[in-house]
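J.: Following this message is one structure expressed as structure tokens.
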There are 2 protein chains.
Amino acid sequence: MNLKTNSLLAKTFLLSVLLVSVSACKKETSKETDITTTQDSVAVEAPLASWNEGQNKQTILDYVKDVTTEGSANFVPVADRIATFDNDGTLWSEQPVYFQLFFVMDRIKVLAKDHPEWKDKQPYKSVLENNMPELMKQGKKGLVELLMTTHAGMSSEEFEKTVKDWIATAKHPTKNKPYNQLVFQPMLELINYLKENQFKVFIVSGGGIEFMRPWAEATYGIPKDQIIGSSLKEQFETTNGTTTINKLAELDFYDDKEGKPVAINKFIGRKPVLSAGNSDGDLQMLQYAASNPLKNLEIYIHHTDSIREWSYDRKSPIGTFDKGWDEAKQKGWLVIDMKNDWKVIYPGDK
Amino acid sequence: MNLKTNSLLAKTFLLSVLLVSVSACKKETSKETDITTTQDSVAVEAPLASWNEGQNKQTILDYVKDVTTEGSANFVPVADRIATFDNDGTLWSEQPVYFQLFFVMDRIKVLAKDHPEWKDKQPYKSVLENNMPELMKQGKKGLVELLMTTHAGMSSEEFEKTVKDWIATAKHPTKNKPYNQLVFQPMLELINYLKENQFKVFIVSGGGIEFMRPWAEATYGIPKDQIIGSSLKEQFETTNGTTTINKLAELDFYDDKEGKPVAINKFIGRKPVLSAGNSDGDLQMLQYAASNPLKNLEIYIHHTDSIREWSYDRKSPIGTFDKGWDEAKQKGWLVIDMKNDWKVIYPGDK
């Protein structure tokens, strides 16, 4: 995770163009906003109903039919139907910055009530003042301090509660929607379609494992134990019969790039036959799936819709899609064009 | 894992009484021995058919009925029906030493063909001569070297193949059966009964995660991604389009004692409602399950059958059952008496 913040920092100048939307951020904390279980809205009758007809949709339908039809030369046994999805930029949006960074900044503002000294102390001061250029000047050390302040030094249960409270109340600065409504309706349908065809679907994300699980289970219909991500070290303690798992201020595992296949091997123990991502951070996961001797499908989501979502690829500091795009073209992997392939982006869109 | 070998070493003197059976070990390598999928033999009609009637069996049946009956005050939603089982001594035997140590010694003997120098070099010499007292004199350093020689420096796929070959051919020195036939028939029935009642069943073992998965999935009917254990660090590499996950000679995680709840939180993300173990190494896992606000059941397997299996508890260097036994008595956890509670021990027994 500190590698991610490090990478963010290396792009300070590019990031600063995003400042307008970030500093314009006005958090609403309406208690009425429930956690949306968006998978309920998926139409089970027509698979991939929000996907426009075309080669990309057809390739997915043909692949699933081929590997699930008994007697097919490419039949994949149920136990081997492992699908792995990246989260940021693949299942939900990730602009102008990863949503987990919004969580960090929002948490600092909440915790500031008990820390009056923060208003004069960096890196907290710049967060409280929504001063992103100043925040970026705090360097990796500053961002790691913010991350650890908001993610460590508490029990796993306490952290879960803060995430649940945040996802239920926070809204995206420009989209003005709860973050878990900024998930991609066509991808919810793809997950559902795979589950109906007895695929076991996993999330394999660079995001925090304990940041995702409190909301992603309901949002995507994927059980917590099938949600894999970056983690901090943790420690078990018992005091007078009370058990606690404490989150320590030390990185345990960074689940990005080469880390993704390693995490898949550790958590799942099988190569995926289907894998989807949107950035260079997913390339190794897709290479790993592509090396499966069973028939496999690799999918890249290309953010091409500057109106309904965002448009970015090779030069974006967030969700860089450069080497992955080249390899996808070379190997004939599926590259989904969000603007042209998807009828809607978010659940409830018309 | 090196902690386990360390712990083994600390009990050198106790272990040496076990030497007779170990040095009497004659490996048979009959290729006809298939991997047994013992769960096929579980009778689905009568739950826990191999359990004698009595308070312990009834407590399990009553618990499962209580938490799975809609409208029950203690009803547990399906998503929360998480059951975690230790492996060594809980699902299969673990005497005279953990079976993974037999694997290590057998592998050294296989690899010795390419290492003629080992016959004069410790710690290999003592393994090749079945000289356990001499092996123990090599200390932690020697045992870790053997572990790394047999578990690291190869790809994850290569390691899987060695485990599959071993489990298909090796036999226990005194029981003279393949190791995966030395699993407990009553526990297979318990796993099956829980699965029928929509529990998601996990193994949480101090044994190696990649040592268990190649055979445990078929033997217990538990998917690989629900098998959690100790692990070495691994590294992903691509060379000319070929992907490899290499096993490094460095401990990643030791899944015993305080490690078990930490692993459960990381891999599963939920507290179990049912947890079973047999030794002090499982105590923290059972404490963690016992702290679940949902109605929960903690089960200890007590090895009391010196004729059909082995009899050991407080003073055994392997599977020490001492503090856990005291806490089980104090808290009213279930303590299964293998001799009196189980009609048979192994599949196929009369």
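The values are calculated or read from the model by the stated rules, or taken from the named source; none is laboratory data. Keep in mind it's a predicted model, so treat the numbers as computed, not measured. Cβ sites come from the backbone with ideal geometry, for glycine too, and all protein chains shown count toward neighbours. Just the protein is used for accessible areas: all its heavy atoms, side chains included, with ligands, DNA and RNA removed. Shrake-Rupley method; radii C 1.70, N 1.55, O 1.52, S 1.80 Å.
J.: Could you work out the pair-distance distribution P(r) of the protein assembly as shown from its alpha-carbon pairs, with 20 angstrom bin width and percents rounded to whole numbers?
T.: P(r) for the protein assembly as shown, in whole percents per bin: 17, 48, 30, 5.
J.: Next question. Looking at the axis that maps chain B onto chain A, which chain B residue has the closest Cβ, and how far off is it in Å, rounded to a whole number?
T.: For chain B, the closest residue to the axis carrying it onto A is B:267, 3.
J.: Oh, and also: Using a Förster distance of 35 angstrom, determine the FRET efficiency expected from the C-beta separation of residue B:197 and residue A:251, and round it to 0.05.
T.: Calculated value: 0.35.
J.: In debye to the nearest 20, how big a dipole does the protein assembly as shown give about its Cα centre with +1 on each Lys and Arg Cβ and -1 on each Asp and Glu Cβ?
T.: Dipole magnitude for the protein assembly as shown comes out near 980 debye.
J.: Further question: Could you work out which residue, out of B:162, B:68, B:239, moves most in a Gaussian network model of chain B, that is, has the largest mean-square fluctuation with Cα springs under 10 Å?
T.: Sorting by GNM fluctuation, first place goes to B:239.
J.: Counting each DSSP H run of 4 or more residues in chain B as -39500 (n - 2.57), what helix-only mean residue ellipticity at 222 nm follows after dividing by all residues, to the nearest 500 deg cm²/dmol?
T.: Rounded to the nearest 500, the figure is -11000 deg cm²/dmol.
J.: Between beta-carbons, use under 10 Å as the cut-off and find the net charge around residue A:185, counting Lys and Arg +1, Asp and Glu -1.
T.: That works out to -1.
J.: Which distances, shortest first and in nm, link residue B:251 to the matching position in the other copies, using label points set 7 Å out along Cα to C-beta?
T.: 2.3
J.: Now for a different question. Given the convex hull over the Cα atoms of the range B:223-299, what projected area results after averaging over all orientations, in nm²?
T.: Its Cα hull, projected and averaged over all orientations, spans 6.6 nm².
J.: Still on this structure, please answer the following. Relative contact order of chain B, please, whole-number percent, based on alpha carbon pairs below 8 angstrom and at least 6 residues apart.
T.: Across chain B, relative contact order equals 25 percent.
J.: Whole-Hz ³J(HN,Hα) for each residue in the range A:133-149, computed from phi via Karplus 6.51 cos²θ - 1.76 cosθ + 1.60 with θ = phi - 60°, x for glycine and proline: what do you get?
T.: x, 5, 4, 5, 5, 6, x, 4, 4, x, 5, 5, 4, 5, 4, 5, 4
J.: What is the percent carbon and sulfur in the accessible area of chain A, measuring with a 1.4 Å probe over the protein chains and ignoring ligands?
T.: The nonpolar share, carbon plus sulfur, comes to 51 percent.
J.: Just how far, in whole angstrom, is the range A:276-310 from the range B:140-168 if you go by their alpha carbon centroids?
T.: With the range B:140-168 and the range A:276-310 each reduced to a Cα centre, they are spaced 33 Å.
J.: Rounded to the nearest 100 Å², what is the sum over both chains of accessible area buried where B meets A, with a probe of 1.4 Å?
T.: Buried surface at the B/A interface: approximately 2900 Å².
J.: At a 1.4 Å probe, which residues in the range B:240-264 are at least 50 Å² less accessible with all protein chains present than in their chain isolated?
T.: Residues losing area: B:243, B:245, B:262.
J.: Related question: Could you report chain A's accessible area per residue, 1.4 Å probe, as an integer in Å²?
T.: Spelled out: the 1.4 Å probe surface of chain A, per residue, equals 39 Å².
J.: Suppose we compare each residue of the range B:215-238 in its chain alone and in the full protein complex with a 1.4 Å probe; which ones drop by at least 40 Å² of accessible area?
T.: When all protein chains are present, B:224, B:225, B:234, B:236 each give up 40 Å² or more of accessible surface.
J.: Give the nm distances, rounded to one decimal, from residue B:169 to the matching residue in every other copy, measuring between label points 7 Å along Cα toward the beta carbon; shortest first.
T.: Here the equivalent label points are 6.3 nm apart from this one.
J.: Put a point 7 Å out from Cα along the line to Cβ at residue B:119; what are the distances to that point in the other copies, in nm, shortest first?
T.: In nanometres, ordered from closest: 8.2.
J.: Here's another thing I want to ask about it. Kirkwood Rh, Cα Rg: Rg to Rh for chain A?
T.: Here the Rg-to-Rh quotient is 0.97.
J.: For every other residue with a beta carbon closer than 13 angstrom to the beta carbon of residue A:75, add +1 if it is Lys or Arg and -1 if Asp or Glu, then tell me the sum.
T.: 0
J.: Take every DSSP beta bridge whose two residues both sit in chain B, then give the antiparallel share in percent to the nearest 5.
T.: Just about 45 percent of them are antiparallel.
J.: Something else about it: Please check the range B:279-296 for residues whose accessible area, probe 1.4 Å, is lower by 20 Å² or more when all protein chains are in place than in their chain alone.
T.: When all protein chains are present, B:287, B:288, B:291 each give up 20 Å² or more of accessible surface.
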